[in-house]
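Asker: Before I ask anything, here is the structure I am working with.
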Amino acid sequence: MRTRHAAQAFLLCATLSLCIAAQAQPAPNDPTGRCSQTIVQQLARHFGLKHFAYPADGMYPSGENGGLIVAGVCKEWPADPSKVLAAFAYDAGSQYEKQLLLAVIDHPGRIAASYKGVIPEDAASEVSASSLSLDTARYQLSGTVRAFGVRLQTFRDRCTYEGGFDDELTLFVIADKTLRPVLTETMRHWTYGSGNRCGGEEAPRTETNIMISVAPTASHGFADLRLTAHRSDKKKSLSATVSYDGERYELKHWKRAFQAWVE
């Protein structure tokens, strides 16, 4: 009888321990990328924000509609499955901008590193619920540092435009308790050929997409990156290697070459 009671007590203790551990960890994010309520509340406390919540489904972000989160995505980091990456666009009430809030969350629910920035808006760009995504490709910059990407898609096309650009990628690395951007580049460009798009005519569209790969060489402790641009009109691709200068990847020469190539 005593053995049976001991076994029952052990099972109860084990069950309670598992429950406590599960409660301590951030709830898994939704398969669609929507962050759990636990993570949302953690970031609200961390950044000291009011009405930091998703608005009611289909509603415009506002305090009256449930929250001021314009876009929010979470994703488990393949480089370390014990960490969750979170990215939010938040309406703080400033005209022509949204706040960009990022966090790396450790189990059991500790914010290991964070970042607060701004997403500018204008007549051709606006943050929407689908504007943010997390890029967890293998951006292995050193033996111990792997970057992750935040992608922004905010372009608002108009029939009067002769082209456009979108899909801005920023790579971040963990630096102590902060997240530091080391590269920002727009990954997709396009131009329209002749045709009255405002009148309903179809105009030929030439697409340009940029890809990033990690090079075998390194500068100032981080791997060099290879940028390659491909065009849909079969023009010969453009490639260049960019190097880390100790703070960011230097893109001045790449941008000059890209501008000359794309025109």
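The values are calculated or read from the model by the stated rules, or taken from the named source; none is laboratory data. Only a predicted model underlies this, so the values are computations on that prediction, with no experimental measurement involved. Positions of Cβ are generated from backbone atoms using ideal geometry, with glycine treated the same way; all protein chains shown enter the neighbour counts. Remember, those area values only see protein heavy atoms, side chains included, never the ligands or the DNA or RNA. Shrake-Rupley method; radii C 1.70, N 1.55, O 1.52, S 1.80 Å.
Asker: For labels at residue 178 and residue 194 in the simple 7 Å Cα→Cβ model, what's the distance in nm?
Answerer: 5.4
Asker: Give me the extension gain from residue 46 to residue 96: residue separation times 0.36 nm, minus the current Cα-Cα distance, reported in nm with one decimal.
Answerer: Values: separation 50, 0.36 × 50 = 18.00 nm, distance 2.44 nm.
Using 0.36 nm per residue and subtracting the Cα-Cα distance, I get 15.6 nm.
Asker: Work out the FRET efficiency for residue 165 and residue 218 from their Cβ-Cβ distance, taking R0 = 35 Å, and round it to the nearest 0.05. Kindly include the intermediate steps, with their values, before the conclusion.
Answerer: Working: r = 30 Å, r/R0 = 0.85.
Using R0 = 35 Å, I get an efficiency of 0.75.
Asker: At a 1.4 Å probe radius, carbon and sulfur cover how many percent of the accessible area of segment 150-263? The partial results should precede the final answer.
Answerer: Details: 3200 of 6480 Å².
Ligands and nucleic acids excluded, carbon and sulfur give 49 percent.
Asker: Quick one: work out Rg over Rh on the C-alpha atoms of the chain, Rh as Kirkwood radius.
Answerer: Values: Rg = 22.7 Å, Rh = 21.0 Å.
Ratio value, two decimals: 1.08.
Asker: Continuing with the same structure: Note down the net charge around residue 51, summing +1 for each Lys or Arg and -1 for each Asp or Glu among other residues with Cβ under 10 Å from its Cβ.
Answerer: Details: positive: 50; negative: 64, 91.
Surrounding charge for residue 51 is -1.
Asker: Mind checking which aspartates and glutamates have their Cα closer than 13 Å to the Cα of residue 235? Skip sequence neighbours fewer than 8 apart in that chain.
Answerer: Within the straight-line cut-off, residue 235 pairs with 207, 263.
Asker: What aspartates and glutamates sit close enough to residue 98 to cross-link, taking a C-alpha to C-alpha distance under 12 Å and skipping anything fewer than 8 places away on the same chain?
Answerer: Output for residue 98: 121, 122, 126.
Asker: Taking R0 as 30 Å, what's the FRET efficiency between residue 140 and residue 259 from their Cβ-Cβ distance, rounded to 0.05?
Answerer: Values: r = 29 Å, r/R0 = 0.98.
For R0 = 30 Å, the calculated efficiency reads 0.55.
Asker: Filter 75/116; 75/234; 50/75 down to the pairs with a C-alpha to C-alpha distance above 29 Å, please. Before the final figure, lay out the partial values.
Answerer: Working: 75/116 18 Å; 75/234 35 Å; 50/75 24 Å.
From 75/116; 75/234; 50/75, over 29 Å: 75/234.
Asker: Between residue 65 and residue 123, take the C-beta separation as r, use R0 = 25 Å, and let me know the FRET efficiency to the nearest 0.05. Can you show the working numbers first?
Answerer: Working: r = 25 Å, r/R0 = 1.00.
E(calc), rounded to 0.05, equals 0.50.
Asker: When N is the residue count of segment 38-139, what does its C-alpha Rg come to as a fraction of 2.2 N^0.38 Å? Don't skip to the answer; put the middle values down first.
Answerer: Working: Rg = 13.8 Å, N = 102, 2.2 N^0.38 = 12.8 Å.
Against the compact-globule rule of thumb, the ratio is 1.08.
Asker: If you don't mind, there's one more thing I want to ask. Full-extension gain between residue 56 and residue 247, please, as 0.36 nm times their residue separation minus the C-alpha to C-alpha distance.
Answerer: Numbers: separation 191, 0.36 × 191 = 68.76 nm, distance 4.05 nm.
Additional length available on full extension: 64.7 nm.
Asker: What number comes out for accessible area per residue over segment 111-263 if the probe is 1.4 Å? Units Å², please. Mind showing how you got there, number by number?
Answerer: On the way: 8190 Å² over 153 residues.
The answer is 54 Å² per residue.
Asker: Starting from the Cα gyration tensor of segment 54-108, take the square roots of the eigenvalues, sort them a ≥ b ≥ c, and report rounded, prolate or oblate (rounded when a/c is under 1.5, otherwise prolate if a/b is larger than b/c, else oblate).
Answerer: Numbers: a/c = 3.22, a/b = 2.06, b/c = 1.57.
Verdict is prolate for segment 54-108.
Asker: Could I have the simple spin-label model distance between residue 156 and residue 36, label points 7 Å from Cα toward Cβ, reported in nm to one decimal?
Answerer: Those two pseudo-labels are separated by 3.6 nm.
Asker: Then there's this: Among all the lysines, which ones have a C-alpha under 27 Å from residue 236's C-alpha, if same-chain residues fewer than 8 places away are not counted?
Answerer: Partners within reach: 252, 255.
Asker: Using helices alone, what [θ] at 222 nm do you get for the chain, with -39,500 (n - 2.57) per DSSP H run of 4 or more residues, divided over all residues and rounded to the nearest 500?
Answerer: That comes out to -5500 deg cm²/dmol.
Asker: Would you mind classifying segment 115-263 by shape? Square roots of the alpha carbon gyration tensor eigenvalues, ordered a ≥ b ≥ c; an a/c under 1.5 is rounded, otherwise it is prolate if a/b is larger than b/c and oblate if not. Don't skip to the end; give the middle numbers.
Answerer: Values: a/c = 2.72, a/b = 1.56, b/c = 1.75.
Taking the square roots of the gyration eigenvalues as a ≥ b ≥ c, segment 115-263 is oblate.
Asker: Report the local net charge at residue 232: Lys and Arg +1, Asp and Glu -1, summed over other residues whose C-beta lies under 14 Å from its C-beta. Kindly include the intermediate steps, with their values, before the conclusion.
Answerer: Values: positive: 188, 205, 231, 234, 235, 236; negative: 207, 233.
That works out to +4.
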